[in-house]
Every structure is written in structure tokens, then in C-alpha cells.
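The structure appears below as C-alpha cells.
The values are calculated or read from the model by the stated rules, or taken from the named source; none is laboratory data. Note that the structure is predicted; figures quoted are calculated from it, not measured. Cβ placement follows ideal geometry from the backbone for every residue including glycine, while neighbour counts extend to all protein chains displayed.
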Amino acid sequence: MQKKIAILGSTGSIGTQTLDVVRANPAELEVVALAAGTSTDLMEKQIREFHPSVAAMYDDAAAADLRSRVSDLPVRILSGMDGLLEMASLEGYDTLVTAIVGMIGIRPTIAAIESGKDIALANKETLVCAGHIIMPLARERGVRILPVDSEHSAIFQSLQGGDHAALAGTESGVPTGISKSRISRVLLTASGGPFRGMTKIQLAEKQPEDALKHPNWNMGRKITIDSATLVNKGLEVMEAGWLFDVPLDRITVLVHPQSILHSAVEFVDGAVIGQMGTPDMKLPIEYALFYPDRRPMDTPKLDLFAVQSLTFERPDPETFEGLALALRAGKEGGSMPTVFNAANELAVADFLDHRIGFLQIYERIRRSMERHKKIENPTVSQILAAEEEVKSLWQA
Ligand SMILES: NC(=O)c1ccc[n+]([C@@H]2O[C@H](COP(=O)([O-])OP(=O)(O)OC[C@H]3O[C@@H](n4cnc5c(N)ncnc54)[C@H](OP(=O)(O)O)[C@@H]3O)[C@@H](O)[C@H]2O)c1
């Protein structure tokens, strides 16, 4: 049966690769709705190629422009946060791919879950800030949160080999149904980013152009900077904690510069099951969309003879403070991960605009966390208020 999907953030790195997967599987996948921020040129092309019935632009002027450009087509153009919420809760589709960047994804993701849609989740910031709301809601509504992030997809795939009995019975919420007592550790791999092995003195000199040169992955700008600071790995530790219901101290980060082992699980008997492959996001996207099936993919296969060796190092959280600060925020919980994330989102935007230096990203996160009075179990409004609190600290 053809699966109907909607993509929140269709014009970005994950969004366009999701559309590559649709292009390669036209009989199996149909695009019903698309959403983006401001990229009208690309959105118009996507509408003309994939014929969604709805498209939403967050930016009102972009939506007005798009509406006039595609007035010859039977597509409804929505705008603003209301448009994203309406798009996410549309009738008649199965899975929302959350390929939007940042915690702006929280409300549309919740709207999609409330209307019974499965989530193929790339937008980790949403889970970091609101995992305590999203995971119970998904369980209550009987929808699945299927990971798209390559590490989390690898963990998910590794868990398939660990507990067939538990897998058979579980359809909702935490995707695997794995019996937690059989997991001893999650091994979360990190490439180390472009500045691996450098000192703080070297990091202080780094410009956005240096940080945007990721050695293994071609991704959006924000996640590429997060990879250079190791903030991304910290966000991923918190994401894994929510997705797989694993305490953060049972998640070990391994720096693995080749990005071939995408992550692994160590079971109580000492068996380590991992997933390897070339660094290509289409595999985890496809796995999330077709789970539990696997489809043939027309991409170069992993050649272990060419790779020759896989290496693993301990991360350096004293230099790359982003990881240490994330773990502190994750362990404190409540509204602290939101403050960590919001401070990082603002600092990365300022770094990309050459307004602050690389190390000031850490300083801004640290100072925002020090000033914040934590709220336990924040509601969505309290999460958004915590974001505003951070904005008021740093926006002149
Ligand atoms: N890229 C990867 O390989 C990768 C891997 C794992 C996880 N992820 C995660 O996936 C998410 C997306 O990353 P990405 O690299 O694909 O980002 P990206 O290339 O920057 O794309 C972001 C997408 O979000 C849209 N967007 C931004 N602000 C919006 C708003 N206010 N309303 C509606 N749409 C908005 C953008 O639209 P416009 O083009 O109009 O601005 C674009 O379509 C992030 O959470 C990231 O951590 C990415």
C-alpha cells in the first residue's frame, strides 16, 4: 500500500534527501504536504514535481509570493505557525517527517502526534526540549516515533537483533519494545567534526567557514556548526535518552572519525550489535519510512577493504565543552535542556553571522544555564517562555 507522507522542512538537507527517497520509490510513497521557512524558489519546484495538496511557509511574505507563483495548481498555501500546525494535523496522511531545524518544530510535532500521525524524527531539538511531553503523548496516541538521525537509526536497527519477543508485541511509543533490562550500554558514535584533536587556543581562531567544512557529512549549516562544537553529540545523547528510555549515564560517546559504525548497543551478555554503512542519510530516512521493511537502495555499498581500519577515541569534553554542558543540562532535566538548546540556537546564528567567536558559543550556553531557575516538567508554554528568557539575555 502506498504510504502518504508530509515533510516539515522539505527544502533543507534532510527534506530534500527525503524527496530523493520518494523519487526512488514512487509506487510506495506519496507526498501530501510540504512546509518550509522562506525558500520559495525550491518550494515552487517541489510543488510542481510532487503535487502536494497543501504547502506551508512560515514566513507570511514568502507564502504570499508562493501563492501567486502556483496559482495555476490545485494546492492550498498556508502560512505562519498556524499554517504549520494545520499542515501537521491534516487528515489523510500517515507519517510526518520532521526535517525542520530547531525547537520551532515542537508545536507542529505535537499537533501531528495528536492527530495520530507517525513521526519520522530528524528534528532532535524538539525531543531535547519536549521529550517528556512527546514520548508519553506518542504512547497514549499509539503512534510511532521512528528515528531519522543516523546514530539513532543505527541504535534502533541494532536493537532489532536484541529482543525478538519484545519486538513482536510493540507498535507504539518507544519504537522497539526492547526489554530495557537486556541493554547494558548504548555506544553513540561521533565523527569528532572538523576540529577534532585541536586545543582551545586553536578553536578560538575558528571562523564559520572553517566550521562548515565537515569531514564526512554534508548537512544544514546549524547542525554542521553543532558538530564542530560537539553540541550536536550532546543533543543526540539527550535524544537517545528519550527515544530509547535509557539513562544518560548508560550512553557512551565514542569518537570514530571514519563515520562507518553509526552507533551500537551493548547487551547484558557482552554482545555488541552495531550498524555500519557509508555516511548517507538516505539509508536512515528510508529505514524510518519503510520500517520494518528494507528496500534496495541504489547507492555505493560499504567497501570494508577500502576502509581498512576503524578507530575509536574518547571525546575531549574539556576542550569541546558543548558535550559536557549538554550532559549537565540533560541530567538536570526539566527546562534546563531547553535553555541549553535555545542558547545554542541563538549563539550559532550569531557565530554564522560573524557576530561572536567560536568559543563564545560555549560561554553563552554556560551563562544562560547558570542564570536559569529550572522548572520541573515544563509545559509547552513554559518551554517557549524559557526560550524567550534566553532570547532576552542575548538579543539587544
Ligand atoms: N542534515 C543532516 O544530515 C541531519 C542529520 C541528522 C539530523 N538532522 C537534524 O534534522 C533537522 C534538519 O536539519 P537540516 O540539516 O536538514 O537543516 P537545514 O538544511 O537547515 O533545513 C532546515 C529546514 O527547516 C526549514 N525551516 C527553518 N525554519 C523554519 C520555520 N520557522 N518554519 C518552517 N520551516 C523552517 C527550512 O526552510 P527554508 O529552506 O525555507 O529556510 C528547511 O527546509 C535538524 O534538527 C538536524 O539536527 C540533520
Inset, instruction - For region 93-115, name all the residues that are more than 10 Å from the ligand (Cβ to nearest atom) and out of contact with any Ser or Thr (no Cβ under 8 Å at 6 or more places or on another chain). - result: 93, 94, 95, 107, 110, 113
Inset, instruction - Residue by residue through region 56-84, note down the ones that are surrounded by fewer than 16 Cβ atoms within 10 Å (Cβ to Cβ), away from the ligand (no atom under 13 Å from the Cβ) and aliphatic (A, V, I, L, M). - result: 64, 73
Inset, instruction - Considering every residue within region 227-238, establish whether at least one is more than 27 Å from residue 5 (Cβ to Cβ), among the aliphatic types (A, V, I, L, M) and within 11 Å of the ligand (Cβ to nearest atom). - result: yes
Inset, instruction - Select from region 200-221 the residues that are surrounded by fewer than 16 Cβ atoms within 10 Å (Cβ to Cβ) and more than 16 Å from the ligand (Cβ to nearest atom) and write down the one among them that is nearest to residue 360 (Cα to Cα). - result: 204
Inset, instruction - Report whether or not residue 224 is free of Cβ contacts under 8 Å to residues at least 60 places away in the same chain and touching a Leu at 6+ places or on another chain (Cβ under 8 Å). - result: yes
Legend entry - Residue list for region 4-42, filter: part of a helix (DSSP H, G or I), of a type in the set (Gly, Ala, Ser) and surrounded by fewer than 22 Cβ atoms within 10 Å (Cβ to Cβ): 13, 24
Inset, instruction - Just give me the residues in region 368-384 being outside any loop (DSSP other than H, G, I, E, B), over 24 Å from the mean Cα position of the chain (by Cα) and surrounded by 10 or more Cβ atoms within 10 Å (Cβ to Cβ), in sequence order. - result: 371
Inset, instruction - State yes or no: is residue 253 assigned to a loop (DSSP other than H, G, I, E, B), of a type in the set (A, V, I, L, M) and outside the structural domain of residue 338 (by TED's automatic domain parsing)? - result: no
Inset, instruction - Starting from residues that are within 11 Å of the ligand (Cβ to nearest atom) and surrounded by fewer than 19 Cβ atoms within 10 Å (Cβ to Cβ), keep the ones in region 262-288 and report whichever is farthest from residue 215 (Cα to Cα). - result: 282
Legend entry - Test result for residue 2, more than 9 Å from the ligand (Cβ to nearest atom) and at negative phi: yes
Legend entry - Subset of region 44-94 (residues that are of a type in the set (Lys, Arg) and touching an Asp or Glu at 6+ places or on another chain (Cβ under 6 Å)): 69
Inset, instruction - Return the pairs, sorted by first residue and then second, in which the second residue is aromatic (Phe, Trp, Tyr), the first residue lies in region 204-219 and is in a loop (DSSP other than H, G, I, E, B), the beta carbons are less than 7 Å apart, and the residues are 6+ apart or on different chains. - result: 206/195; 206/358
